[in-house]
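First comes the structure, then the notes that go with it.
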Amino acid sequence: MNSEQLEQILTDTVASVLEEAIYALVDRNQPACEDEIPVVESLIAFSGIYTGTIALEVETSGILPLVNDFLGCDPEQALGLPQSDAIGELANIIAGRLLETWLPGEPNYDIGIPKVISTTHGQTRLANEPRVCVTRLRTDSGTRVAAAILLGVWT
Amino acid sequence: MIDKEVLVGMIRQLPTIPQALVELQQALAQPNVSIEQVEKVIRSDPALTGNILRLANSAAFGLSRKVSDISQALTLMGFRVVNNLAYTAAFSKAIPEEFPGYRLTAAHFLRHSFAVGVLAEALASALNAASSRSHFTAGLLHDIGKLVLGTFVATHDTQLARRLESEHLTFVQVEREVLGVDHGQVAAWVGEHWQLPLDIIAAAELHHDPDTAPVEFQQVVDIVHVADTAVHCLGFGADLGELARSIHKGSLERLDLGAETIEKVVSSSLERLTQALPTDNRESAKMPKRQLLRILVVDDSSIIRQMVCKSLGLSGIAPHEILEASDGKQALALLRERPREFALVLADIHMPNMSGTELVGEMARDENLKRIPVIIISSDANVVNQQRLRALGVRALIKKPFRPEQLRAVVQPILGEEVVRS
């Protein structure tokens, strides 16, 4: 599988999970954001025939509506919830589905527990690295979302 | 198998429908009937008159002023509502003290029947259904078969439970298999004995099989089926036999009914549904309380725990008690503290301290916990993990993201078995 095919799988996976989990329609192939914007990033390590990390970044200002839609609750209810948790869970769902599509029938892999951080320097900005595959999307409510597969061990 | 003659004999022993109620139906069927004529019919039966007035002044029918005579009730409430009151009053007198077979009290049974009547009428009104007068009555009387069949369900309890455990059958299917008849069929015989209108008999007979209704009664059968299922989901008098239920797709299509309309009708009727009933003085305190089952939701993400709990609520699982744990270790401690009280564990796989796989392994090795069914909810699609979990006895694997109806389809049959077991 070449990097374009892997990127396509990543884009399709993220788009389908956002559609199913938060009922968002997405615009694909968005340009990289030039300014540094605050994001919440979730990282999930995986190991098996490939080892690496799957990253999901959501711009901080878009998290509250995303939690509303994820849980189907009122904005006031969502405010009282650990919102970063929702990003961790979305990353978890994306990771599970991505590995299933990328490595179909492959029994020898494992995925870790999501680690969620707030940052303005997300891992997905390392787009020029040869071991990185990145996709950038925007939901119909305008929230920027990026996801990446970072092959190898990243620290 | 039950001998039909025995059932017919029992039906004959049921209290009869008051003659005044039969005459009331005949009077209301006339196009230009007057208030005086209807009043005369009702007043010919003092007990029925008294019960109608008592109901008219109850919170369930929500009048802002006290009604002191039938003429006033007819003026303020109209023929349709007074007819509903007459049926409710007559029906409440026919209900036995207990329904041991269905593990229902008289209060629960009446509360459920009344709620189905209210919702059926509201649905009929929202759908502009013809003759919405009979929808309340059809809903109210839909379970009359249970008045007779409950005794037999109680005496065949073990057989019914065994069939429910061994296969994914609905309770109505098991009734047919074990007893040779279901409560819908018995309802038709009771309806004939009571000389009920044919549409009401059809709704009582076919509310579990709406696709088989004759075309002239299709709408009322579909409406009662939807109302009955929705009322069960709301937890009004859910009984042993009715846990594994969902609305027939055919009914929704024929009625052109979407989730939004159902939700709107239910929410607009909710206040009335929660008003005080039962209507008689057989206090429910004497009756054994329905046992609440405990469900444990285990996930390190509080968002997912909330989502599962909310989905269980939307699925009509809310009457059961739901507890939460954030990892396998915490879950195990809770389970070991009160092992007999848990009916189901819903767990994630990847969690800190102790994973879902380790939790299932620990439970399988523990004599007190190995009987508790476990459902895994995870995004992990690893086939080896799934096989390992199945080998450890996990009942089902649900993939994230999931929808409430997916959860219900898996959870309700398992809880049905647990109710029987407990």
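Structure summary
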quantity	calculated
Those residues of the stretch B:347-370 which are of a type in the set (A, V, I, L, M) and over 13 Å from B:G393 (Cα atoms), in sequence order	B:A347, B:I349, B:M351, B:M354
Flag if A:D12 is exposed (fewer than 15 other Cβ atoms within 10 Å of the Cβ), more than 14 Å from every other protein chain (Cβ to nearest Cβ) and of a type in the set (D, E, K, R)	no
Any hit, the stretch B:406-419, residues being over 25 Å from A:I22 (Cβ atoms) and within 11 Å of chain A (Cβ to nearest Cβ)	no
Residue satisfying all of: in the stretch B:355-386; in a loop (DSSP other than H, G, I, E, B) and among the aliphatic types (A, V, I, L, M); farthest from B:P339 (Cα to Cα) among these	B:A381
Any chance B:V383 is among the aliphatic types (A, V, I, L, M), within 24 Å of A:E89 (Cβ to Cβ) and facing chain A (nearest Cβ under 8 Å)	yes
Top-ranked residue in the stretch A:113-137 [being part of a loop (DSSP other than H, G, I, E, B) and at pLDDT 85 or above; ranked as farthest from the other protein chains (Cβ to nearest Cβ)]	A:P114
The stretch A:96-112, residues that are surrounded by 18 or more Cβ atoms within 10 Å (Cβ to Cβ), within 8 Å of chain B (Cβ to nearest Cβ) and in a loop (DSSP other than H, G, I, E, B)	A:Y109
Within the stretch A:36-70, tally of residues that are touching a helix residue (DSSP H, G or I) at 6+ places or on another chain (Cβ under 7 Å) and small (G, A, S)	2
Residue that is farthest from the other protein chains (Cβ to nearest Cβ), among those in the stretch B:328-370 that are under 15 Å from B:L389 (Cα atoms) and of a type in the set (D, E, K, R)	B:K370
Entirely in the stretch B:123-212, the helices (runs of 4 or more DSSP H) that have 3 or more residues that are more than 18 Å from the chain's Cα centre (by Cα)	B:146-155, B:157-166, B:171-179, B:183-193, B:198-206
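Table: residues versus (1) of a type outside the set (S, T, Y); (2) part of a helix (DSSP H, G or I); (3) within 14 Å of A:V134 (Cα to Cα).
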| position | (1), (2), (3) |
| --- | --- |
| A:D12 | yes, yes, yes |
| A:E36 | yes, no, no |
| A:F46 | yes, no, no |
| A:Y50 | no, no, no |
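The values are calculated or read from the model by the stated rules, or taken from the named source; none is laboratory data. Bear in mind that the values here come from a model prediction, so they are computed numbers and not experimental data. A quick note on method: Cβ atoms are made from the backbone with ideal geometry, for glycine too, and the neighbour counts reach across all protein chains shown.
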